[in-house]
Amino acid sequence: MHRLIFISRSLVGTDPGALDAIVDRSATLNQRQGITGMLWSDGSSFAQVLEGESQAVAETMNRIRVDRRHTEIEVVLDRPVVQRMFE
Ligand SMILES: Cc1cc2nc3c(=O)[nH]c(=O)nc-3n(C[C@H](O)[C@H](O)[C@H](O)COP(=O)(O)O)c2cc1C
């Protein structure tokens, strides 16, 4: 089990449509890949926790890194863990 936490600067503000699009797509893909976690935004920043098998987390983060809806991505934690914090 692996946990990755990142913060980034949002480029979509508080546009509910844009946030919904991210959340909807993420929920579908994360469920498929066995990834859980949480996504937070105040309109200017994002913070996200991703938990799952190491390869699934890495693949997901590779897609998130090139997403133009945010920038200045900073990984603050990236390590194996014993169990999930989020279901
Ligand atoms: C802040 C932020 C968080 C995201 N979180 C996830 C996520 O948890 N899982 C996911 O699959 N995509 C997430 N995405 C979306 C991905 O960047 C990407 O658009 C999506 O995985 C679809 O990839 P594709 O366009 O290559 O099909 C996130 C995007 C942003 C901006």
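Values in this text are rule-based calculations from the coordinates and carry no lab data. Note that the structure is predicted; figures quoted are calculated from it, not measured. A quick note on method: Cβ atoms are made from the backbone with ideal geometry, for glycine too, and the neighbour counts reach across all protein chains shown.
Here is how the numbers come out for the structure above:
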quantity	calculated
Loop chymotrypsin sites (Phe, Trp or Tyr not before Pro), segment 28-87 (other Cβ atoms within 10 Å of the site Cβ: 12 or fewer; DSSP)	Phe86
Euclidean distance between Cα centres, segment 9-36 to segment 44-87, Å	12
The chain: most fluctuating residue of Thr14, Thr36, Thr60 per GNM, C-alpha cutoff 10 Å	Thr14
Between helix 54-65 and the chain: long-axis angle, C-alpha atoms, 0 to 90°, nearest 10	10
Full-extension gain in nm, Ser44 to Val66, via 0.36 nm per residue minus C-alpha separation	6.1 nm
Surrounding net charge for Leu50, when Lys and Arg each add one and Asp and Glu each subtract one, Cβ distance under 15 Å	0
Listed residue (Asn30, Val57, Ala47) projecting farthest to the positive dipole end of the chain, Cβ model	Val57
Within the chain, trypsin sites (Lys or Arg not before Pro) in DSSP loop having at most 11 other beta-carbon neighbours inside 10 Å	Arg68
Contact order normalised by residue count of the chain, Cα under 8 Å, 6+ apart, percent	51
Degrees between helix 16-33 axis and first principal axis of the chain (Cα, 0 to 90, nearest 10)	20
